[in-house]
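Trainee: Supplied in structure tokens, the structure appears directly below.
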Amino acid sequence: MNGWLTVGLLVISNIFMTFAWYGQLKLQQMKVITSNTPLIVVILMSWGIALLEYCFMVPANKYGFHENGGAFSLMQLKVIQEVISLVIFTVFTIVFFRGEALHWNHFLAFCLLILAVYFVFMDT
């Protein structure tokens with residue numbers, strides 16, 4: 001499977017996961033749900049979104065894994081997923097939670113993640 005398709009599926013997957021995990025906080029800010037909304041309702045809403053996340057994450061990992069004809073090792077898949085997750089989360093935070101600021105330590109962490117990608121793809 002093409003490596004770019006795997007990455008694309010991981011991006012879509014992480015968009016759904018970010019909304020599943022943090023979307024309820026924005027819905028609360030927008031007064032769509034309240035702090036009195038039963039936790040089970042919030043969990044079930046998140047699970048519904050997370051189901052969509054799994055519909056993209058599982059194929060990305062299955063077809064992206066080199067033993068299934070994909071382009072990536074298991075460690076490479078995980079590091080790619082983590083970097084995508086943090087990029088998606090950062091964009092989500094900037095767009096939907098305008099009060100959250102990025103600081104120098106966040107940028108340093110992103111640089112270290114880029115180094116992690118470099119090292120995980122290094123030939124040993």
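Trainee: What lysines could a cross-link reach from residue 62, if we take a straight Cα to Cα line under 28 Å and drop same-chain neighbours fewer than 8 places away?
Mentor: Filter leaves 78.
Trainee: Under a Cβ-only charge scheme (Lys and Arg +1, Asp and Glu -1), can you give me the dipole magnitude of the chain about the Cα centre, in debye to the nearest 20? List each step's numbers first, then the result.
Mentor: Working: 5 positive and 5 negative charges, 76 e Å.
The calculated dipole for the chain is roughly 360 debye.
Trainee: Let me ask you something else. Taking a probe of 1.4 Å, how large is the accessible area per residue of region 81-124, in Å²?
Mentor: Heavy-atom SASA per residue in region 81-124 reads 76 Å².
Trainee: Put a dot 7 Å past each Cα toward the Cβ at residue 115 and residue 89; how far apart are the dots in nm?
Mentor: 1.9
Trainee: Count neighbours as other Cβ atoms within 10 Å of each site's Cβ, and list the trypsin sites (Lys or Arg not before Pro) in region 28-82 that are DSSP loop with at most 13 such neighbours.
Mentor: 31
Trainee: Let me ask you something else. How many times 2.2 N^0.38 Å is the alpha carbon radius of gyration of region 19-89?
Mentor: 1.44
Trainee: Using only the Cα atoms of region 51-124, build the gyration tensor, take square roots of its eigenvalues as a ≥ b ≥ c, and label the shape rounded, prolate or oblate: rounded if a/c is under 1.5, else prolate if a/b is larger than b/c, else oblate.
Mentor: Judged from the Cα gyration tensor, region 51-124 comes out oblate (a/c at least 1.5, b/c at or above a/b).
Trainee: Something else about it: To the nearest 10 degrees, how steep is helix 3-29 against the longest Cα principal axis of the chain, on a 0 to 90 scale?
Mentor: Orientation of helix 3-29: about 20 degrees from the principal axis.
Trainee: Of all accessible surface on the chain at a 1.4 Å probe, what whole percent is carbon and sulfur?
Mentor: 72
Trainee: Further question on the same structure: With everything on Cα atoms, drop me the angle between helix 39-64 and the longest principal axis of the chain, reported from 0 to 90° to the nearest 10.
Mentor: With rounding to tens, the tilt is 10 degrees.
The values are calculated or read from the model by the stated rules, or taken from the named source; none is laboratory data. Note that the structure is predicted; figures quoted are calculated from it, not measured. No Cβ is skipped: glycine too gets one built from the backbone with ideal geometry, and neighbour counts run over all protein chains shown. What goes into the accessible areas is simple: the full protein's heavy atoms, side chains included, and nothing from ligands, DNA or RNA. Shrake-Rupley method; radii C 1.70, N 1.55, O 1.52, S 1.80 Å.
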